Structures are given as structure tokens and as C-alpha cells.
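Structure record follows, encoded as C-alpha cells.
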Amino acid sequence: MSDSLRELWLRDIAFNTAAPADVLIRLLDEAAGEAGLLMCEGRDLPGAVTDAALRHPARRIRRALAGNRHVDPARLAPLASDPSGLVRAQLAGGTRPQPRWVRPLPDDILVTLLTAQDGGEDGRVTKQELVGELWSSRQIPPSFPRVMAGHDHPVLRLYATSQWQSLTAVQRKALLDDPDPAVREAARKVSRELDPEAVEADLPSIGSRSTSFVLGTCALSPAVVEQCFADDAVHPLARNRHTPADALARLARHPDAEICRLIATRPDLGPEAAELRQDPDEDVRMRARLQPSIRTWAEFQAVHRVIGHGPDCTCPITKPATEPSPDWYATCAASEEPVLRRVAASWLGLPAELVGTLALDDDEEVRIRLACHHPLAPPPLLLVL
């Protein structure tokens, strides 16, 4: 038998779901060529095979397993403290190419990676590079900082301060009084984000690139808001959750339709929403019609994941920090607005009876989103699309 034919046969066996575990474990040997490597990286594995790969002496096998999107990430916990920094970096960096649905790593794996003293015994990766891989892979769930705010390890409390506005008032106060001086100092610095006068004092000249994030996320004083209007730099204000009601009312009458689109679905928008439903721009009118159904920022984000991205969008999807209630999604599924039905069709938790209803929806994008997102989408729908 030629070497090339043998290699192909071994690869076929490696991806045969009926192959016994002991046979698959033999494929992990170097003599089997690339078959074991591809298997560890590219398919769901029986538990015994996963265990063998986790303990395998060859770094390349463990590294391939670290990038496997099919294995339960909780099973990969030993790789977070692997002797090789390259294996840890693969786990922190996720799979390549990045999947459409980004799977968050369990908290225990994140804790191990973030509190490691180094990047690995082999010195191939630094600790800072591991943290960078975690950030870029989006495998840290938005809820993680809140969970870590009271952790025993000061490094994790320090990490929690970087997501200051996602924390509760009680957690913020505790971090400001933290026994670790580095945590206290970091908390003191980031707490200025919610102090309008401090933001004003620290703000560089409006219009510079460095101010966009500040104007779009921090609490702003009346003087800063007025300066934004004076300099026609109001785009960040439309995205800022702290923008005061009087400024939102002015933004609703802004001549730039893009500004009106950004604020039309905000849950804190006042009577200006009724005016926007009469706007000359069709997209603004559509978004303003949705606004009465959006009462929380979680609902706002759920809607924007749909209206900001078409059905063929390939942007990575991560689990949000908070989800709207099931009742809200059910209301969306019965809405006369196609966009809200698209939102409901994109939710994995939609009950079976509503899935059946949306599978017959008149709106094609509703059906497409249901087929792409929901595990209970009926087979006939998948075949048609």
C-alpha cells in the first residue's frame, strides 16, 4: 500500500464516528501521521480519546485538542495549566478560523489563565500574550467581571475594575475599599468614568480620536454635552447610555438621519419617539416603531443584533451579559413588525410552538434566521433555504 493511500485511510478512520475508542487512541501515535492531529482538532471525540489526548506527551496533540470546537470546553481545563505556553495560547486564542458563535470558556479555565505566574514552563509565550489572546478571541463572557469582583485573588479583582460600568454599586464600593492597593488605585481611576466633572477635567480636545470612547461611554457634564453640539460631534452622544434626556430630545431633531437611527430604539427615549415615527427617512420610521416594545437595554441590544446585521452577516456572535425575558421574545414572535419577529427567530430558547409558527412566516428573513439559529428549525425549512 502506498504511503499516500495509507494516510487517506487513516484519516477516514479518524473521522469515522463508529470507530472504537481504542482504535482512535492508536491514531494519536506519531506513526499514524497527521490523522491523529486532524482528529483532535476537527471532530467530537469519545471521552477516552479526549483523556488520552489531554495526557499525550506530544505537544502538537495537546495543542490540536486545545483548538477543538466540538469538545466540551470544561473537559479542556487541564490545558489551561499545560507546561507548554503554545498549548495554553491555543486554548486562550480559540479555534481558527473563529466560529460564528463564539463559545465562552468556563470560569475555572479563565481564572487559571489569568492568574498564572507565567505563560508556560517552556517560555514560548508570555503571560501578557495569553491575556491578549483571550481578549481577541472573545472567549471571556461579559458576565465574568461581575463574578470576579469579589474573588480572593487580587489579579481577578483588578480585572473586574476594567469593566467598571458592568458592576453593581455594591461591587464598585467594595473595590474602592479593596485591601490591595493596586486594586484600590485602579478602581479609583476608572470610577471617574461615572463622575461628569472628572470626565470633563480629564477630557482632551473634543474631536480628537481619543475622545470618541469617552464621549460614547462616560457620564458627561452639561458643559461637555454643549460643546459636543457646538462642535457637531454628537455621534458618540447617540450611543452613550448616560446622555441626558434633554440632549436626546435635541438629537431626535438632528438633520443627520444616521443620528436619528442610532437613538430611535433607545429605551430611555421620551415623547420624541412619536416624532421619529413621522421622520422622512424610512429606516428611522421603522426603528421608531419598534421603540415602544423596547423597555430595557438588554432588549435594545437584542434588537440591534438584528437591525445592525443582515442575515448573511459573519460577525462573531458572543453571549450577551444579560438576556431579555422569555415573555419578551414571545411577544416579539407575535408582533406585526417583521424586525421583532426576526429578533425572536434569532433566539435559541424560543419554544417549539413558536418555532413552528415562525417557520411559516411571510418574511423570508424571519425564516432564514430561524433556520440559521434555532436547533428546532423544521427540516423542510432547512431544505428549502
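Things to note:
- Those residues of region 255-304 which are in a loop (DSSP other than H, G, I, E, B) and of a type in the set (Val, Ile, Thr), in sequence order: THR265, ILE294, THR296
- Here VAL71 fulfils each of the conditions (1) part of a loop (DSSP other than H, G, I, E, B); (2) out of contact with any Ser or Thr (no Cβ under 7 Å at 6 or more places or on another chain) apart from (2).
- Helices (runs of 4 or more DSSP H) fully within region 85-165 counting 3 or more residues that are at pLDDT 95 or above and not assigned by TED's automatic domain parsing to the domain that holds ALA182: 85-93, 107-114
- Qualifying residue in region 49-57 (condition: surrounded by fewer than 16 Cβ atoms within 10 Å (Cβ to Cβ) and among the basic types (Lys, Arg)): yes
- Qualifying residues in region 209-264 (those that are farther than 25 Å from GLU282 by Cα and of a type in the set (D, E, K, R)) - the one nearest to the chain's Cα centre (by Cα): ARG209
- Within region 338-376, the set of residues being assigned to a loop (DSSP other than H, G, I, E, B) and crowded, with 21+ Cβ neighbours inside 10 Å comprises SER346, TRP347, LEU350, HIS374.
- When every residue of region 77-84 is checked against the conditions, none turns out to be in contact (Cβ under 8 Å) with a residue 60 or more places away in the chain, surrounded by fewer than 19 Cβ atoms within 10 Å (Cβ to Cβ) and of a type in the set (S, T, N, Q).
- Within region 46-68, tally of residues that are within 23 Å of GLY123 (Cβ to Cβ), of a type outside the set (A, V, I, L, M) and either under 23 Å from the mean Cα position of the chain (by Cα) or not in a helix (DSSP H, G or I) (or both): 4
- Candidates SER208, SER221, SER191: the one that is at pLDDT below 95 and of a type in the set (S, T, N, Q) is SER208.
- Flag for LEU54 being within 22 Å of TRP101 (Cα to Cα) and either of a type in the set (A, V, I, L, M) or touching a His at 6+ places or on another chain (Cβ under 6 Å) (or both): no
- Within region 1-36, being in contact with a Lys or Arg (Cβ under 6 Å, 6 or more places away or on another chain) and surrounded by 19 or more Cβ atoms within 10 Å (Cβ to Cβ) holds for one residue alone: ALA35.
The values are calculated or read from the model by the stated rules, or taken from the named source; none is laboratory data. What you see is a predicted model, and the numbers here were worked out from it, not measured in a lab. Here Cβ is always computed from backbone atoms with ideal geometry, including for glycine, and neighbour counts include all displayed protein chains.
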